[in-house]
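Notes follow once the structure below has been shown.
The values are calculated or read from the model by the stated rules, or taken from the named source; none is laboratory data. None of these values were measured; they are calculated from a predicted model. FYI the Cβ positions are ideal-geometry reconstructions off the backbone, even for glycines, and counts take in every protein chain you see.
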Amino acid sequence: MQKRKTAPREDERALLLLQRLKDLVERVGVTVREERLVREVGYHVRSGACRLHGQDVLLLDTDASLADRVEALLDFLSRRDLDGVYVEPELRRLVLGRDTEDGAKSA
């Protein structure tokens, strides 16, 4: 019996996309840290940006799905000025598509 190979290929593509987005965030001067974000009763924890010891940091929850981590990176990048950084055309389309969907950057 043969195993289906479509799921791993999709996972590999998603992991590659995640890495490319993390690299882009690093190129705009923000450190990306993947950590298990502790959850306690009374508040909802999710991936996001913060300032830690004077440095901009984007925390990605390792317990979040791959899709949620990609979404957090796209959300962060859609709010950044990317004019001074080379962005691959495919990534630029993803980030810009995000802007038009949420209306995050209307001028």
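Selection within region 21-51: residues that are in contact with a Leu (Cβ under 9 Å, 6 or more places away or on another chain) and more than 21 Å from residue 94 (Cβ to Cβ). The member of this set that is modelled with the lowest pLDDT is 45. Could you list, in sequence order, all residues of region 50-97 that are in a strand (DSSP E or B), surrounded by fewer than 18 Cβ atoms within 10 Å (Cβ to Cβ) and of a type outside the set (S, T, N, Q)? Result: 50, 51, 52, 56, 57. Selection over region 1-20 of residues that are modelled with pLDDT under 75 and among the small types (Gly, Ala, Ser) gives a count of 1.
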